[in-house]
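Structure first, commentary second.
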Amino acid sequence: MPGSLEPLDLGVQIPYHFRCPISLELMRDPVTVSTGQTYDRPSIESWVATGNITCPVTRAPLSEFTLIPNHTLRRLIQEWCVANRSFGVERIPTPKQPADPTHIRHLLAQSASNSNPYPTRVSALRRLRGLARDLDKNRSTISSQNSREILLELVFSDTNSESSELTHEALALLVLFPLPESDCAAVASDPDRVAYLSHLVQHPSMEVRVNSAALIENVLAGSRTAELRAQVSNVDEIHHGVVSILRNPIAYPRALKIGVKAVFALCLVKETRNKAVSAGAPETLINVLADFEKCDSERALATIELLCRVPEGCAAFAAHGLTVPLLVKTILKISDRATEYAAGALLSLCSASEKSKNEAVAAGVLTQLLLLVQSDCTERAKRKAQLLLKLLRDSWPEDSVGNSDDFVCSELVVPF
């Protein structure tokens, strides 16, 4: 067997025994299985998770699936990385080891038992949250220990009193896990639990409010019936609380991501979109639109398009001086989806308001739409652009291509 594999682009050869036999990449967390072979932890865990019960190298059956950290090999790899730093090799960090399932069960039992001192229960939840944040493996182990049932009970144990530190810690841990449909239904169908969430989402602590919004979004996303979703989205205080956490993008970056997901989930319920408008969602979304990352920008623009489909929302967006210029600027700038949502929102706005038509033309929408219909964007986006071009034809300046005979006959705008 060769002492090393082919040289990498870095100009340095990685010793063969530092590479994982499965991925053939430098091991970052070497562990040894029952046959004595060493692998990188993520690779061997994936191997076992797909149903394999043999050692990849020896093909011998794995008598047990305990993974023993190979500290000696890991230290040798770290020393090699340091020695080859001049070749651009970065030292691998010392990996955190997964928590023992027995320890996790003990912490869950501590937090759930009313006989334990209050500080002990809070401390147990904090330690569980730390473990869940450290490693996905820990999160998976916690989830497999009936944790959601325990945490839901802790969060909603007394909906008639003020929330406690224990409630806040349980909530912070609960939102790290997806909720099954049955749990979502148990929350959405209980008026007391929904009312309690509306109270938490307006809590003085921003962390509590953000975690409450995350739970609201989880419940809405996991509820399969419109009736259940409506029971949550029909509460004014929930809309006001969720919208309010979007107003602190610099101080609380996580609030942007969680807030826009929750607002979008609420606005998927058509019958209660007017409540989001009353809570100030249109003005807030436009004010923070430039602060979102790509995925969140798409979700924000989708929410804007949804709200533009109700008269109150359309009027609120039209009244904001930056709405139309920002939407025009967004076309072909972020992604195909973002372009589609921006075009849809502009179509609704320009259909309802002559003022929005003039603002769109002044912002250069004509050029953007012509580029859009000739691009590789989605067919829905092109269709919306074509409708918008036809709608704006009479609003173009006299010296623009909009009034030329060539454009009137152009194939870019299909007949309707």
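Rounded to the nearest 10 degrees, the inclination of helix 379-392 to the longest alpha-carbon principal axis of the chain is 20 degrees. Listed by chain and number, the aspartates and glutamates whose alpha-carbon sits under 14 Å from that of Lys275, ignoring those within fewer than 8 places in the same chain, are Asp236, Glu237, Glu283, Glu312. Angle, helix 191-200 long axis vs. longest principal axis of the chain, Cα atoms, 0 to 90°, nearest 10? Value to nearest ten degrees: 90. Across all directions, the average projected area of the convex hull around the alpha carbons of the range 179-260 is 4.8 nm².
When the Cα positions of Ser157, Ile142, Pro119 are compared along the charge dipole of the range 98-177, Ile142 comes out farthest toward the positive end, with charges on each C-beta of Lys, Arg, Asp and Glu.
The shape of the range 98-177 can be summarised by an equivalent ellipsoid whose semi-axes, obtained from the alpha carbon gyration tensor, come to 20, 13, 10 Å from longest to shortest.
Take the Cα of Lys294, go 7 Å toward its beta carbon, and the backbone nitrogen atoms of the range 339-363 under 20 Å from that spot belong to 339-343. Rounded to the nearest 20, the size of the Cβ-charge dipole of the range 204-326 about its Cα centre is 180 debye, with Lys and Arg at +1 and Asp and Glu at -1. Entry note, the chain: the mean residue ellipticity at 222 nm calculated from DSSP H runs of n ≥ 4, each adding -39500 (n - 2.57), is -17500 deg cm²/dmol after division by the residues and rounding to the nearest 500.
Here the chain is treated with +1 on each Lys and Arg Cβ and -1 on each Asp and Glu Cβ, and its dipole about the Cα centre works out to around 820 debye. Cα axis of helix 71-83 to longest principal axis of the chain: angle in degrees, 0 to 90, nearest 10? Roughly 60 degrees, rounded to the nearest 10. For the range 16-87, the alpha carbon positions stretch 41, 19, 18 Å along the principal axes, listed from largest to smallest. Loop-located GluC sites (Glu not before Pro) across the range 74-156 with a Cβ neighbour count of 16 or fewer within 10 Å are Glu90, with loop assigned by DSSP. About its Cα centre, the dipole of the range 109-190 is roughly 460 debye, where the only charges are +1 on Lys and Arg Cβ and -1 on Asp and Glu Cβ. Note on Asp190: accessible area is roughly 50 Å² with a 1.4 Å probe, heavy atoms of protein only.
Considering all alpha-carbon pairs of the range 48-195, what whole percent are spaced by more than 23 angstrom? Of the Cα pairs, 54 percent sit more than 23 Å apart.
Of all aspartates and glutamates in the structure, those lying under 16 Å Cα to Cα from Lys333, and not within fewer than 8 positions of it along the same chain, are Asp291, Glu293, Asp296, Glu298, Asp376. A dipole drawn for the chain from +1 and -1 charges on Cβ atoms has a positive end, and of Ala345, Ala279, Ser189 the residue lying farthest that way is Ser189. Find the percent of Cα-Cα distances in the range 130-267 that exceed 20 Å, and round it to a whole number. Cα-Cα pairs of the range 130-267 separated by over 20 Å account for 42 percent.
Above 41 angstrom, tally the Cα pairs of the chain and express them as a % of all pairs, no decimals. So the portion of pairs separated by more than 41 Å is 39 percent. In a Gaussian network model over the chain where Cα atoms closer than 10 Å are linked, find which of Ala381, Ala290, Ala276 has the largest mean-square fluctuation. With Cα springs under 10 Å in the chain, the top fluctuation among Ala381, Ala290, Ala276 is at Ala290. Here's the picture: charge each Lys and Arg Cβ at +1 and each Asp and Glu Cβ at -1 in the chain, and of Ala213, Phe177, Pro253 the one pushed furthest to the positive end of that dipole is Phe177.
Over 25 Å apart at the Cα level, from the set Lys294/Lys390; Lys294/Lys382; Lys294/Lys355; Lys270/Lys390; Lys329/Lys390; Lys257/Lys357, are Lys294/Lys390; Lys294/Lys355; Lys270/Lys390; Lys257/Lys357.
The values are calculated or read from the model by the stated rules, or taken from the named source; none is laboratory data. All values derive from a computational prediction rather than experimental measurement. Reconstructed Cβ throughout: ideal geometry from the backbone, glycine too, with neighbour counts over all protein chains shown. These area figures cover heavy atoms from the full protein model, side chains too; ligands, DNA and RNA do not enter into them. Shrake-Rupley method; radii C 1.70, N 1.55, O 1.52, S 1.80 Å.
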